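The values are calculated or read from the model by the stated rules, or taken from the named source; none is laboratory data. If you're wondering where the values come from, they're calculated on a predicted model, not measured in any experiment. Cβ: placed from backbone, ideal geometry, glycine included. Neighbour counts: every protein chain shown.
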Amino acid sequence: MENQFYTIDKVAEILGMHHKTIRKFIREGKLGANKVGKQWRISVHDLSVFMERNSVNINDKKISKESNIDFHTNEEVGDIIKKKINVSTVVDINNVDKDEYFRISNTLIAIMNCKDPKMGKSTINMKYDDKENRLRVMLWGGIKFIEDMLSSISLLLEQNDLQGEKHDEL
């Protein structure tokens, strides 16, 4: 049993976690692992040490929050819904000329730079397609950030429509 090694996927299955979480623990040095070729291998001993250090007992489903690590099995997900939620969305704005693109993108960047620090590491990426006259806005962040940015985009587009109507009346 001493020479038994687990893959990241197997450890994730044992602990009821996502494989990316296990990789994060390895990267942060919380879970001992050895690289074999391009693959990580976790020894039974390293897994036991990790589980003891964090008071994890899979059979008894004992859960601890030591070291700021939340452990849970699939059955307990409903009890531990304190996860941070991140959302990603893509907004395609069609029939946008170059001037509109600059106005919209500069405004969104200004809004992004003034955002509340509580909104975390939210991101915005924009890409303008000259051939299609389309602005693609990619957003990633918390629900409040996405909601605020979508509202801002909506207001900017309403302004565009109102300006277009006034221009047509003249």
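Do we have any residue at all in region 75-92 that's at pLDDT below 85, part of a strand (DSSP E or B) and farther than 28 Å from GLY29 by Cβ?
First pass over region 75-92, keeping only residues at pLDDT below 85: 75-87.
With part of a strand (DSSP E or B) added as a condition, the list becomes 86-87.
This time we only want the ones that are farther than 28 Å from GLY29 by Cβ, so: 87.
Scanning region 75-92, I find at least one residue that is at pLDDT below 85, part of a strand (DSSP E or B) and farther than 28 Å from GLY29 by Cβ, so the answer is yes.
Being modelled with pLDDT under 90, under 15 Å from VAL87 (Cβ atoms) and among the small types (Gly, Ala, Ser) narrows it down to one residue among GLY164, GLY141; which is it?
On inspection, the qualifying residue turns out to be GLY141.
Right, ASN57: at pLDDT below 80 and within 25 Å of the chain's Cα centre (by Cα) or not?
Details: at pLDDT below 80: yes; within 25 Å of the chain's Cα centre (by Cα): no.
Spelling it out, it is not the case that ASN57 is at pLDDT below 80 and within 25 Å of the chain's Cα centre (by Cα).
Pairs only if they're at least six apart or on different chains, beta carbon under 7 angstrom, first in region 98-123 and assigned by TED's automatic domain parsing to the domain that holds TRP140 and surrounded by 10 or more Cβ atoms within 10 Å (Cβ to Cβ), second modelled with pLDDT under 90 and among the basic types (Lys, Arg); list them, first residue then second.
MET119/LYS144; SER122/LYS115
Quick one: SER152 ticks every box in (1) modelled with pLDDT of 85 or more; (2) part of a strand (DSSP E or B) except a single one, so which number is it?
Tallying (1) modelled with pLDDT of 85 or more; (2) part of a strand (DSSP E or B), SER152 fails exactly one: (2).
This table checks each residue for (1) modelled with pLDDT of 85 or more; (2) in a strand (DSSP E or B); (3) under 24 Å from the mean Cα position of the chain (by Cα).
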| position | (1), (2), (3) |
| --- | --- |
| LYS30 | yes, no, yes |
| LYS35 | yes, yes, no |
| ARG41 | yes, yes, no |
| ASP46 | yes, no, no |
| PHE71 | no, no, yes |
